[in-house]
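Presented below is the structure to which this report refers.
The values are calculated or read from the model by the stated rules, or taken from the named source; none is laboratory data. Bear in mind that the values here come from a model prediction, so they are computed numbers and not experimental data. Quick reminder, even Gly has a Cβ in these numbers, built from the backbone with ideal geometry, and neighbours come from all protein chains shown. Keep in mind that these areas ignore ligands, DNA and RNA; they rest on the heavy atoms of the full protein, side chains included. Shrake-Rupley method; radii C 1.70, N 1.55, O 1.52, S 1.80 Å.
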Amino acid sequence: MKIIDCILKSYSSTINWPKLLSKLKITSIWRRTLVAFGMFFFPKAFSRIKTTLIKERTPAIIVSLTSYPARIDKVWLTIESIFLQQLKPDRIVLWLSKEQFTRLEDLPQELIAQQKRGLEIRFVDNDYKSHKKYLYAFKEFPNDYIVLIDDDIIYPSTMIANLYEGISPQNVHCSYGSVIQWSDNGEPRPYRDWKSTTDKYYGDDFFFGSGGGTMLMPASLPKETCDIDLALELCPKADDIWLNAMCRRAGLTISKVRSALIYPTNIDSKDTLYRENIGLGKNDLQLKNVNNHFSNVFRQQSKLDITE
């Protein structure tokens, strides 16, 4: 796993490269080279390392994710990186919609084989998009620690251990996110203006990206968290906005731990929510919807105190 972590670190280090290298396309060329090499190397490395899960904790650590047809062939790589964690979870659950996948036998053989080592593949009736990542796990395991991940990232071996250190039901620990930038009236500026950080961070202005690796206990969240009809009405394609709003309403402490070294399995995908939500500005619309419904849950705290 050391070689794998080294590749992930090399990719992640490009975040801090000078902007000039980005303008010259050097950063993107290096990233694409690393991804191409990784997609050649990782399958071979993972096929030689076979680890299993051991259920040993109460509360348990449960990794939850979802996927869809365009990514299903590669999601086993993401899951292998979870099997290789220094601190292994008690369970890994992959939620798939019956609207997209009809039979277990039609899934990639790599996924089917992972079941023997502890992967649980659950078929659910509805396709709630990215909200499937948390919804069913929160309902079934309310008193355990849920780790939310995306299906197109290779995670470093230290990710879960970093999230688990010092965790409590009143804490949310995340590996990735942005510092909200505020307008003079205390309202959030456009999402594209927010500042990402690779350092540890704590503050009321931090917004976690759930798929980068986020650990929390569902029982600490408001009852509305699993109101999927309301979630789909307000932010149908932004589970991050919904979950951040719920955590803020519950008064949970959000802390960013040492960065998970985010490494995508495909940087050319044109069907990602990232491109749609950020590139087309739909995150701002969905954030406004949630803010209006929940009385400015996203609002600069000092400004809120003054106006009230």
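Can you pull out the residues in segment 209-238 that are assigned to a helix (DSSP H, G or I), open to solvent by less than 10 Å² (accessible area, probe 1.4 Å) and either at pLDDT below 95 or within 18 Å of S64 (Cα to Cα) (or both)?
Once the filter is applied, which keeps residues that are assigned to a helix (DSSP H, G or I), open to solvent by less than 10 Å² (accessible area, probe 1.4 Å) and either at pLDDT below 95 or within 18 Å of S64 (Cα to Cα) (or both), segment 209-238 yields S210, G211, G212, T225.
Do the conditions hold for E80, that is, is it at pLDDT 95 or above and open to solvent by 70 Å² or more (accessible area, probe 1.4 Å)?
Answer is no for this residue.
(1) within 21 Å of Y155 (Cα to Cα); (2) touching a Phe, Trp or Tyr at 6+ places or on another chain (Cβ under 6 Å); (3) β-branched (V, I, T): which one isn't true of V124, the others all being true?
That leaves (1) as the condition not met.
Collect the residues in segment 123-143 that are more than 21 Å from P89 (Cα to Cα), among the hydroxyl-bearing types (S, T, Y) and not in a loop (DSSP other than H, G, I, E, B), keeping them in residue-number order.
Residue satisfying the conditions is S130 alone.
Per-residue answers, yes or no, for (1) in contact (Cβ under 8 Å) with a residue 12 or more places away in the chain; (2) in contact with a Leu (Cβ under 7 Å, 6 or more places away or on another chain):
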{"site": "A113", "(1), (2)": "no, no"}
{"site": "K133", "(1), (2)": "yes, yes"}
{"site": "Y136", "(1), (2)": "yes, no"}
{"site": "P142", "(1), (2)": "yes, no"}
{"site": "Y155", "(1), (2)": "yes, no"}
{"site": "A161", "(1), (2)": "yes, yes"}
{"site": "D184", "(1), (2)": "no, no"}
{"site": "W194", "(1), (2)": "yes, no"}
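Given the residues I146, I82, I167, which is the only one that is touching a His at 6+ places or on another chain (Cβ under 9 Å) and β-branched (V, I, T)?
The conditions single out I167.
Among residues belonging to segment 103-119 that are farther than 19 Å from S47 by Cα and not in a loop (DSSP other than H, G, I, E, B), point out the one that is least open to solvent (accessible area, probe 1.4 Å).
Selected residue: L104.
Filter segment 21-49 down to the residues that are β-branched (V, I, T) and in a helix (DSSP H, G or I) and list them by number.
Within segment 21-49, I26, T27, I29, T33, V35 qualify.
Within segment 50-100, how many residues are of a type in the set (S, T, N, Q) and in a strand (DSSP E or B)?
Number of matching residues: 3.
Enumerate the pairs (first residue in segment 22-39 and loosely packed, with under 13 Cβ neighbours inside 10 Å; second residue anywhere and acidic (D, E)) with beta-carbon separation below 7 Å, excluding pairs fewer than 6 apart on the same chain, so at least 6 apart or on different chains.
none
So, of the residues in segment 124-138 that are basic (K, R) and surrounded by 21 or more Cβ atoms within 10 Å (Cβ to Cβ), which turns out to be nearest to S210 (Cα to Cα)?
Among them, the one singled out is K133.
Assuming R248 fulfils every condition listed in (1) farther than 18 Å from G177 by Cβ; (2) assigned to a helix (DSSP H, G or I); (3) open to solvent by 40 Å² or more (accessible area, probe 1.4 Å) apart from one, which condition is it?
Of (1) farther than 18 Å from G177 by Cβ; (2) assigned to a helix (DSSP H, G or I); (3) open to solvent by 40 Å² or more (accessible area, probe 1.4 Å), only one is false for R248: (1).
Pick from segment 153-171 the residues that are hydrophobic (A, V, I, L, M, F, W, C) and open to solvent by 20 Å² or more (accessible area, probe 1.4 Å): which of them is nearest to the chain's Cα centre (by Cα)?
A161
Which one of K44, K98, K55, K50 is among the charged types (D, E, K, R) and at pLDDT 95 or above?
One residue alone meets the criteria, K98.
To keep it simple, each residue is scored yes or no on (1) buried (at least 17 other Cβ atoms within 10 Å of the Cβ); (2) in a helix (DSSP H, G or I); (3) at pLDDT 60 or above.
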{"position": "N266", "(1), (2), (3)": "no, no, yes"}
{"position": "K270", "(1), (2), (3)": "no, no, no"}
{"position": "Y274", "(1), (2), (3)": "no, yes, no"}
{"position": "N277", "(1), (2), (3)": "yes, yes, no"}
{"position": "N283", "(1), (2), (3)": "yes, yes, yes"}
{"position": "V290", "(1), (2), (3)": "yes, yes, yes"}
{"position": "S295", "(1), (2), (3)": "no, no, yes"}
{"position": "R299", "(1), (2), (3)": "yes, no, yes"}
{"position": "K303", "(1), (2), (3)": "no, yes, no"}
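For segment 197-206, check the following and say yes or no: at least one residue is within 18 Å of Y136 (Cβ to Cβ), in contact (Cβ under 8 Å) with a residue 24 or more places away in the chain and outside any loop (DSSP other than H, G, I, E, B).
no
Right, D150: open to solvent by 10 Å² or more (accessible area, probe 1.4 Å), among the acidic types (D, E) and in contact with a helix residue (DSSP H, G or I) (Cβ under 8 Å, 6 or more places away or on another chain) or not?
Against the criterion (open to solvent by 10 Å² or more (accessible area, probe 1.4 Å), among the acidic types (D, E) and in contact with a helix residue (DSSP H, G or I) (Cβ under 8 Å, 6 or more places away or on another chain)), D150 qualifies.
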